[in-house]
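One structure below.
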Amino acid sequence: MLPHHPSQVSAAVKRAKKRGSYNCGRCGVPKRGHFCNAVGDPISVPSNPTPPRSNQQLRRSLSFDDALSSAEEDDDVETVIPSICLSEVMRRLPPPALLSAAQVCRGWRDCARRVWRSAEELRLRVPPLSQVWFVGSVLRRCTGLVRLSLRIESDLDATMLACVAFSCPNLEAIEIRTSDTAVNRITGDDLGRFVAEKRCLLSLKIEGCTNLGSLNLCSSSLSTLWLSDLFSISKMAFNCPNLKELSLDFSRQENDSTDLINMVDVLGRSCLKLRNIHIASIHLSHSVVLALTSANLRGLRMLSLVLGSEITDASVAAITSSYTNLELLDLSGSSISDSGIGMICNVFPHTLSRLLLALCPNVTSSGIQFAAAQLPHLRLFDCGMTICDPSVENPSVVENGLPADNSSQELKHQQKVSNTKLYPMYQKLIIKHGRLKKLSLWGCSGLDALYLNCPELNDLNLNSCTNLHPERVLLQCPCLESVQASGCRNKLIGAIQNQVYNESAEEDYLPSKRLADGSKRVHVPRFIIRQPSDGDKERALRPRCIVHVD
């Protein structure tokens with residue numbers, strides 16, 4: 001219907017479409033029936049200027065305005081934050097935060113996808129209420145994942161291993177840690193199937209393996225295997241020719257029926273490239289050590305046999321006769337004495353750099369001093385709970401991987417391995433070493449005097465040294481950075497703080513002096529005043545030592 005009102009007619013005229021000019025652009029003659037022969041630039045015809053485009057666009061249904069506006073928003077975001085910087089920021093976000101950042105806009109979502117696809121290492125904490133589906137939704141985004149670390153806070157079963165095996169085809173290293181309330185229900189068959197399917201797997205670390213029952217691993221690529229909380233392994237078979245590092249931590253239960261001798265024989269036959277071995281079990285004995293020394297493991301560099309109360313000096317003699325290139329030796333919880341330490345010092349004077357003899361009550365301060373004097377390359381020395389006061393019934397601190405809830409079992413173990421020979425109740429310890437960096441004397445309640453002259457020592461553990469006399473402590477350690485003094489007396493803590501703080505403080509030289517007769521004080525010339533040396537400048541720049549009390 002046409003408009004009849006004059007205002008409506010004028011509005012229609014204004015809204016009418018404007019046509020172009022009817023005249024020729026070169027000569028100005030009307031275009032109808034005209035053929036222009038003129039040569040030159042076209043005549044400029046003034047036209048109405050185009051109004052500037054407003055930012056607000058009319059939104060229509062079934063159009064691409066939404067996509068256009070989203071693209072403009074993405075361009076604005078990229079203008080404010082460059083894509084390279086945004087990728088670097090997102091790479092440092094935890095997985096839940098990265099999932100939330102992907103919901104901001106299209107640009108951030110694309111950037112998050114690129115971060116997920118390029119991720120090679122992922123550390124993920126799995127909440128109790130969301131386990132398999134949460135892990136699957138995250139892992140399917142990481143197509144190039146190589147290293148995976150999971151912290152499980154609920155029960156763990158074979159479904160999680162199947163999810164990881166399906167989502168990460170190129171996985172090389174996996175670590176699964178469980179919380180205190182979680183139960184690991186993975187069996188030996190499930191673990192063997194997972195290892196056999198992952199042909200490029202190099203490292204496998206799993207906690208809480210109490211329900212394995214049997215262990216049959218076959219892999220040509222596996223080089224590192226860590227299993228903890230093992231219990232009553234009835235059958236154990238390893239077909240891993242490239243295995244170099246093995247850590248087996250058994251539960252501290254008396255009814256554990258694992259045949260350790262058979263296990264060591266299997267390792268000697270099938271894993272000839274082993275370099276690092278760690279076995280923690282209260283059933284370790286001299287027979288197990290003999291089986292280990294009879295194996296053809298000539299490349300062994302690190303040996304750790306922990307909590308073996310039946311490991312004696314004879315076991316040390318077997319170890320030193322078979323393996324002469326050890327760099328780390330851990331015999332914590334054994335029954336060795338100062339004679340065993342002498343054999344260790346005679347065989348490993350040029351190779352041994354880490355020696356751990358915690359919970360060895362037959363070791364005295366004389367043996368510790370002899371080891372520090374005869375092992376010049378020693379960097380780590382752990383002598384916790386060696387020099388103990390017999391009147392102390394219950395140690396107040398348990399460290400170095402020994403859980404606090406097993407303190408009563410460790411106390412029984414210590415009483416079991418203690419010798420009938422009586423040593424002096426209180427002993428003094430003098431250590432002078434040029435390369436020692438870490439020294440642990442935790443729980444040495446039978447120690448009442450300590451003198452240390454270690455220029456490179458940076459970590460000292462004196463936790464629960466209850467009988468250490470404050471006036472008989474001398475620490476000449478200029479590089480000391482941390483001192484653990486939990487459970488010590490307040491006077492001892494104060495004496496330690498005074499020594500480590502005063503050593504780092506600079507002396508104050510007064511720029512004045514008195515005359516020979518003491519009559520008048522005059523200023524000293526500047527060239528006579530002691531100037532700080534390079535050593536003083538390095539000492540001033542060195543961080544101050546921290547004494548940890550709690």
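The values are calculated or read from the model by the stated rules, or taken from the named source; none is laboratory data. Here the structure is a predicted model, which is why all the values come from computation and not from measurement. A quick note on method: Cβ atoms are made from the backbone with ideal geometry, for glycine too, and the neighbour counts reach across all protein chains shown. Heads up: the accessible areas ignore ligands, DNA and RNA and are worked out on the full protein's heavy atoms, side chains in. Shrake-Rupley method; radii C 1.70, N 1.55, O 1.52, S 1.80 Å.
Output the residues belonging to segment 267-288 that are β-branched (Val, Ile, Thr) and within 31 Å of the chain's Cα centre (by Cα).
Correct list: Ile277, Ile279, Ile282.
Among the criteria (1) open to solvent by 20 Å² or more (accessible area, probe 1.4 Å); (2) in contact with a Pro (Cβ under 9 Å, 6 or more places away or on another chain), the one Asp157 does not fulfil is (2). Answer with yes or no whether Arg269 is surrounded by 16 or more Cβ atoms within 10 Å (Cβ to Cβ) and among the charged types (D, E, K, R). When the stated conditions are applied, Arg269 does not pass them.
For segment 480-489, check the following and say yes or no: at least one residue is at pLDDT 60 or above and open to solvent by 80 Å² or more (accessible area, probe 1.4 Å). Within segment 480-489 (the criterion being at pLDDT 60 or above and open to solvent by 80 Å² or more (accessible area, probe 1.4 Å)), the answer is yes, since at least one residue qualifies.
Close contacts from segment 194-222, counting a first residue that is touching a residue at least 24 places away in the same chain (Cβ under 8 Å) and a second that is surrounded by 16 or more Cβ atoms within 10 Å (Cβ to Cβ) and of a type in the set (Phe, Trp, Tyr), with Cβ to Cβ under 7 Å and a gap of 6+ residues or different chains, come to Lys205/Trp226; Thr210/Phe231; Leu217/Phe238. Does Gly144 satisfy the criteria of being within 25 Å of Leu260 (Cβ to Cβ), modelled with pLDDT under 90, open to solvent by 10 Å² or more (accessible area, probe 1.4 Å) and not charged (D, E, K, R)? Answer is no for this residue.
Has segment 124-140 got at least one residue that is of a type in the set (Ser, Thr, Tyr), surrounded by fewer than 17 Cβ atoms within 10 Å (Cβ to Cβ) and touching a helix residue (DSSP H, G or I) at 6+ places or on another chain (Cβ under 8 Å)?
Among the residues of segment 124-140, not one is of a type in the set (Ser, Thr, Tyr), surrounded by fewer than 17 Cβ atoms within 10 Å (Cβ to Cβ) and touching a helix residue (DSSP H, G or I) at 6+ places or on another chain (Cβ under 8 Å), which makes the answer no.
Asn216: farther than 29 Å from Arg117 by Cβ, buried (at least 18 other Cβ atoms within 10 Å of the Cβ) and out of contact with any His (no Cβ under 7 Å at 6 or more places or on another chain), yes or no?
Judged against the criteria, Asn216 is not a match.
Taken as a whole, the condition of being polar (S, T, N, Q), out of contact with any Gly (no Cβ under 8 Å at 6 or more places or on another chain), under 18 Å from Arg354 (Cβ atoms) and open to solvent by 60 Å² or more (accessible area, probe 1.4 Å) does not apply to Thr320.
In the set Lys235, Lys273, only one residue is touching a Lys or Arg at 6+ places or on another chain (Cβ under 8 Å) and within 30 Å of Ala196 (Cβ to Cβ); that residue is Lys273. With the condition kept exactly as written, say whether any residue in segment 109-122 is out of contact with any Gly (no Cβ under 8 Å at 6 or more places or on another chain) and assigned to a loop (DSSP other than H, G, I, E, B). Within segment 109-122 (the criterion being out of contact with any Gly (no Cβ under 8 Å at 6 or more places or on another chain) and assigned to a loop (DSSP other than H, G, I, E, B)), the answer is no, since none of the residues qualifies.
Against the test of being modelled with pLDDT of 80 or more and not hydroxyl-bearing (Ser, Thr, Tyr), the options Phe134, Phe64 yield a single qualifying residue, Phe134.
Every listed requirement among (1) at pLDDT below 90; (2) in contact with a Cys (Cβ under 7 Å, 6 or more places away or on another chain); (3) hydrophobic (A, V, I, L, M, F, W, C); (4) surrounded by fewer than 16 Cβ atoms within 10 Å (Cβ to Cβ) is met by Ala196 save one, (1). Return yes when Ile336 is in a loop (DSSP other than H, G, I, E, B), open to solvent by less than 50 Å² (accessible area, probe 1.4 Å), free of Cβ contacts under 8 Å to residues at least 40 places away in the same chain and closer than 21 Å to Gly446 by Cα and no when it is not. In short, yes.
Filtered by the rule that a residue be part of a loop (DSSP other than H, G, I, E, B) and either open to solvent by less than 10 Å² (accessible area, probe 1.4 Å) or farther than 16 Å from Gly434 by Cβ (or both), segment 353-381 gives Leu357, Ala358, Leu359, Cys360, Pro361, Asn362, Val363, Thr364, Leu375, Leu378. Checking segment 279-286 against the condition returns a match, with at least one residue being more than 19 Å from Gly192 (Cα to Cα) and part of a strand (DSSP E or B).
For (1) crowded, with 16+ Cβ neighbours inside 10 Å; (2) at pLDDT 85 or above; (3) more than 36 Å from the chain's Cα centre (by Cα); (4) in a loop (DSSP other than H, G, I, E, B), each residue gets a yes or a no:
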{"position": "His413", "(1), (2), (3), (4)": "yes, no, no, no"}
{"position": "Thr420", "(1), (2), (3), (4)": "no, no, yes, yes"}
{"position": "Ile430", "(1), (2), (3), (4)": "no, yes, no, no"}
{"position": "Val500", "(1), (2), (3), (4)": "yes, no, no, no"}
{"position": "Leu510", "(1), (2), (3), (4)": "no, no, yes, yes"}
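Where strands (runs of 3 or more DSSP E) sit wholly within segment 144-259, those with at least 2 residues that are of a type in the set (A, V, I, L, M) and under 19 Å from the mean Cα position of the chain (by Cα) occupy 147-152, 173-178, 203-206, 224-230. Among the residues of segment 235-252, the ones that are touching a helix residue (DSSP H, G or I) at 6+ places or on another chain (Cβ under 9 Å) and either closer than 19 Å to Asp189 by Cβ or open to solvent by 20 Å² or more (accessible area, probe 1.4 Å) (or both) come to 9 in all. For Arg435, the criteria (1) open to solvent by less than 40 Å² (accessible area, probe 1.4 Å); (2) in contact (Cβ under 8 Å) with a residue 24 or more places away in the chain; (3) not hydroxyl-bearing (Ser, Thr, Tyr) hold in every case but one, which is (1).
Determine whether segment 124-134 contains at least one residue that is more than 22 Å from Leu225 (Cα to Cα), touching a Pro at 6+ places or on another chain (Cβ under 9 Å) and not polar (S, T, N, Q). Among the residues of segment 124-134, at least one is more than 22 Å from Leu225 (Cα to Cα), touching a Pro at 6+ places or on another chain (Cβ under 9 Å) and not polar (S, T, N, Q), which makes the answer yes. Among the conditions (1) over 25 Å from Leu272 (Cβ atoms); (2) open to solvent by 50 Å² or more (accessible area, probe 1.4 Å); (3) not small (Gly, Ala, Ser), the only one that Asp256 does not satisfy is (2).
In this structure, is Ile176 touching a strand residue (DSSP E or B) at 6+ places or on another chain (Cβ under 7 Å) and farther than 26 Å from Ala237 by Cβ? It is false that Ile176 is touching a strand residue (DSSP E or B) at 6+ places or on another chain (Cβ under 7 Å) and farther than 26 Å from Ala237 by Cβ.
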